[in-house]
Every structure is written in structure tokens, then in C-alpha cells.
1. Which strands (runs of 3 or more DSSP E) does the stretch 155-196 wholly contain that include 3 or more residues that are out of contact with any strand residue (DSSP E or B) (no Cβ under 7 Å at 6 or more places or on another chain), polar (S, T, N, Q) and at pLDDT below 95?
2. Determine if the stretch 15-26 includes at least one residue that is at pLDDT 90 or above and under 14 Å from the mean Cα position of the chain (by Cα).
3. Pairs please, first residue from the stretch 148-171 and among the hydroxyl-bearing types (Ser, Thr, Tyr), second anywhere and part of a loop (DSSP other than H, G, I, E, B), Cβ atoms under 6 Å, 6+ apart in sequence or on different chains.
4. Test of understanding: among LEU106, LEU91, LEU102, LEU76, which residue is at pLDDT below 85, within 19 Å of ILE187 (Cβ to Cβ) and within 23 Å of the chain's Cα centre (by Cα)?
5. May I ask you to list the residues in the stretch 28-75 that are among the acidic types (Asp, Glu) and free of Cβ contacts under 8 Å to residues at least 60 places away in the same chain?
6. Just the residues that are buried (at least 22 other Cβ atoms within 10 Å of the Cβ) and either among the polar types (S, T, N, Q) or over 15 Å from the mean Cα position of the chain (by Cα) (or both), please, taken from the stretch 140-153.
Amino acid sequence: MKKIILTVFAATSLLLYSTPSFAISLSVGVPVGSTITAGVDPWGHKNEADGTSGYFLGVQLPFGLGLGMDSHKTKLKDTTDNNLETSMYNLYYQLPVPVVSLIVGLGTGKQTLECSTCAEGTMYSYKEDGTDYTENIGYKPGSVTQWYTSIGFPIIPFFDIHLSYRSITSKNIEYGCATKLDFSSTITGIGLAFNF
């Protein structure tokens with residue numbers, strides 16, 4: 001009987017120790033990989049990611065809901081200075097799962113294509129058949145949405161290590177007058193959460 005009670009006590013202690021029951025949780029993370037999932041652009045070019053940098057921040061309240069902010073830059077492959085800059089605000093929920101921290105969330109924000117020759121309002125003038133033409137060749141920022149999930153593993157009593165996956169939908173960065181470009185992507189990340 002003593003062995004059964006001790007076994008139940010030990011198992012319960014392990015489960016309750018690993019179950020997030022803290023009042024507030026602060027998390028910080030960084031992107032480690034990015035893939036542009038969109039097809040080819042109107043000119044037949046497939047955009048590819050060549051590294052990403054930035055941060056993910058989150059604050060979880062006692063009842064499982066949390067607020068977060070993402071800010072990251074993805075360098076586009078085969079370009080000299082083209083970067084896809086993304087800023088998001090997130091709302092997430094930590095599922096009541098024992099042992100691990102499982103989070104699902106949604107976010108919205110804006111995305112901008114940054115480069116030295118493509119700022120919003122950039123004009124290009126040329127002459128064709130004796131006629132002068134001026135075109136708007138700048139990129140206007142577009143809105144962006146995402147869903148994401150994160151799984152965290154406790155490493156010591158107040159800290160978790162998190163792995164995250166974000167699926168970003170961005171189909172409305174506007175080029176020139178009307179062409180809308182698709183820069184949808186996925187981003188993986190890693191981070192730490194401090195629970196207190």
C-alpha cells in the first residue's frame with residue numbers, strides 16, 4: 001500500500017510540476033528558418049528566402065490567453081539588398097496539456113518589401129517612340145495574417161524551451177499601380193519562456 005501511495009504521489013508531483021500553472025509567462029524567441037511558399041511572381045520569378053532575423057515576444061496571462069508581437073526580416077535570395085520586413089501582433093491560447101506547453105495563435109500586421117530602389121512612391125521615367133513615360137515602380141506595404149503553434153518543454157522549474165511554426169499569408173504587397181504580389185511564407189523559431 002505504501003508503494004502505491006508513493007508511486008501515485010511521485011507521478012502526480014511530476015505531472016503537476018510540468019503543467020503550466022504560473023500566473024504570468026514571458027517568452028522571447030528568434031526565427032531560425034524561413035521558406036517563401038508563394039508561387040512565381042507576375043514576371044515568372046520564384047522568390048526564395050536567404051536567411052531571416054528578428055524576434056518574437058509574448059506575455060501570457062493567468063487564464064491561458066496571451067498577447068504577442070513578432071518582428072522579423074527575411075532576405076530574398078539572388079538580390080543585393082531586398083528584404084521582406086514583417087511586423088505582427090498576436091493573440092494566443094495555451095492549451096491545458098500536461099507535461100508540455102502547447103500554444104496556438106493568430107496574428108495580423110503588415111509586410112513591406114525593402115530595397116534601395118523600391119520604396120513606396122519611387123518613380124521611373126523613360127522615353128519610348130518619342131514619348132516620355134513615368135511609372136510608379138515602388139512597393140506599397142500590404143496587410144498580412146498568420147496562424148502559429150508552439151510547443152514548449154520544461155528545462156528547469158521556471159523555464160521552458162519553445163519550438164514554433166508560423167504560416168504567414170501575404171498576398172497584397174502592391175507593386176506600381178495595381179499589381180499585387182504574393183509573399184506568403186513559413187517561419188520556424190526557437191525561444192525561451194520564463195514562468196513566474
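The values are calculated or read from the model by the stated rules, or taken from the named source; none is laboratory data. Keep in mind it's a predicted model, so treat the numbers as computed, not measured. Virtual Cβ from ideal backbone geometry, glycine too; neighbours counted across all protein chains shown.
1. Passing ranges: none, list empty.
2. No: zero hits.
3. Close Cβ pairs satisfying both conditions: THR169/SER184; SER170/PHE183; SER170/SER184.
4. Among LEU106, LEU91, LEU102, LEU76, only LEU76 is at pLDDT below 85, within 19 Å of ILE187 (Cβ to Cβ) and within 23 Å of the chain's Cα centre (by Cα).
5. Scanning the stretch 28-75 gives GLU48, ASP50.
6. Scanning the stretch 140-153 gives GLN146, SER150, GLY152.
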